[in-house]
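S.K.: Right, I'll just put the structure down here and ask away after.
Every number here is computed from the coordinates shown, using simple stated rules; none is lab data. Note that the coordinates shown come from a computational prediction; the quantities given were computed from them, not determined experimentally. FYI the Cβ positions are ideal-geometry reconstructions off the backbone, even for glycines, and counts take in every protein chain you see.
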Amino acid sequence: MSADLRLAVVNWRDPGHPAAGGAERYAWELARGFAGRGDRVHYVTCRAPGQRRRERAGGVEFVRLGGRFTVYPLVLLWMLAHRRRFDAVVDCQNGIPFFTPWVLPRRVPVFCVVHHVHDAQFGLYFPRWLAWLGQMLEGPVSRWTYRRHAFVVVSPSTLRAVRERLGWTGAAHIVHNGSSVAEPGGAVPAPAGDPDLVCVTRLVPHKRPHLLLDLAQSLAETRPGLKLHIVGDGPEAPALKAAISARGLDGTVIAHGYVAENVKAALVARADLHLSTSQGEGWGLSVIEAAALGVPTVAYDVDGLRDAVRDGATGWLVRDGDDLAAVVERALKELDDPAQRERTAAECRRWAAEFDWARTADRMRGLIGTAVREARRRGYFGGHPG
């Protein structure tokens, strides 16, 4: 397949959006990876205040339309108007996909990227009737819409979830996240003395930031010098800051908000442990980025995180019935042994090195190339790729 495909990557947000997260990083790395291979790529997304409607960056054409909800119909209208422009489309599902097959020629293959199944999470953000609608769109409507196309999932957990919870019986391919970490700014001291913990997360309900405060309160009783750094921003940020003060944790828990990549890397690199209190992920990009810096993670044994953390090797999983503080305390005691700390750091780096954004883009590009060749052979897209 020659490197001259016309591709669209459709995602809720782009990496420059103030609420961008791991899904945006994934979509962007695919888009710029395709462009670097000579493809013509459009990244179609919503527009945050201050962002340009049209822009070119990294060889990718950005098209920004609408806001949080209006982006969906506006993207469909734009795709309808440009329906013969593309050889294939990467349609990213962030709870609800864009349903691009409704407006594209049948011959155009569509890959629906699913990071994780949202079913239970809709109720955390929306009233009951809207949560029900979201579940219908994510489940039965998506199954029908993409029945001639393929799902792309980011982990074995997500693959199981789309089969068991969404009832998806069609083609599905695992295309992992990659990993790349900015070098820490300045010298990074070796961890010593009082423990330093860090959590890199979006501050949204399903990440459960309140559990971090419970943890800090519990550990501070026996480790008064402990510091817990929370890196990230989101709608829960004001409530988090208020709760830190209300619990008397000022000076123990430091909410850094959004920071530059090199600052984030420095905060993670000097930590004893990285933490995740999320109730479920597609994968766990922050876990792998911490591992690349030699820092293990303590996370709950939930979808995605049980794939990103190799329990007992690159971190520790909190299983049903376990106490988070007890698992963190056990991890810190193991890391008190310098030889064990060195072995864990080395294993973390080896694990992280298995994930690379160039390989991610190559894997996805291979799936697209196969589907496009088959579509051209048949004269339309009917059936599943590869």
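S.K.: Sort 91, 4, 196, 311 so that the residue with the fewest other Cβ atoms within 10 Å of its own Cβ comes first and the one with the most comes last.
M.R.: Numbers: 91 25, 4 10, 196 20, 311 13.
Ordered from fewest to most neighbouring Cβ atoms within 10 Å, 91, 4, 196, 311 come out as 4, 311, 196, 91.
S.K.: Within the chain, what is the longest stretch that has no GluC sites (Glu not before Pro) placed in a DSSP loop and near at most 12 other beta-carbon atoms within 10 Å? Numbers along the way, then the final one.
M.R.: Details: sites that count: 221, 354.
In short, 1-220.
S.K.: If each residue of separation counts as 0.36 nm, what is the full-extension length gain between residue 120 and residue 374 once their alpha-carbon separation is subtracted?
M.R.: On the way: separation 254, 0.36 × 254 = 91.44 nm, distance 3.69 nm.
That pair, residue 120 and residue 374, stretches by 87.7 nm at full extension.
S.K.: Could you list 133, 76, 7 in order of exposure, starting from the residue whose Cβ has the fewest other Cβ atoms within 10 Å?
M.R.: Details: 133 15, 76 18, 7 24.
Least crowded to most crowded, the residues run 133, 76, 7.
S.K.: Debye sum, Cα scatterers, the chain, no solvent: what log₁₀ I/I(0) at q = 0.08, 0.10 1/Å?
M.R.: -0.43, -0.66
S.K.: Going by a ≥ b ≥ c, the root eigenvalues of the Cα gyration tensor, does the stretch 196-352 fall in the rounded group (a/c under 1.5), the prolate group (a/b larger than b/c) or the oblate group? Write down the numbers at each step before the final one.
M.R.: Details: a/c = 1.41, a/b = 1.29, b/c = 1.10.
Cα axes put the stretch 196-352 in the rounded bin.
S.K.: Within straight cross-link reach of residue 241, meaning Cα distance under 23 Å, which lysines are found once same-chain residues fewer than 8 apart are removed?
M.R.: 207, 227, 264
S.K.: Would you please give the residues with an amide H less than 5 Å from that of residue 234, counting only those at least 5 places away or on a separate chain, with H modeled from the backbone geometry?
M.R.: Amide H neighbours of residue 234, under 5 Å, 5+ apart: 203.
S.K.: How high is the FRET efficiency from residue 349 to residue 222, r the C-beta distance, R0 30 Å, rounded to 0.05?
M.R.: On the way: r = 30 Å, r/R0 = 1.01.
That pair, residue 349 with residue 222, gives E of 0.50.
S.K.: What residues have an amide H closer than 5 Å to that of residue 297, excluding those fewer than 5 places away on the same chain, when H is modeled at 1.01 Å from N in the peptide plane?
M.R.: Amide H neighbours of residue 297: 274, 315, 316.
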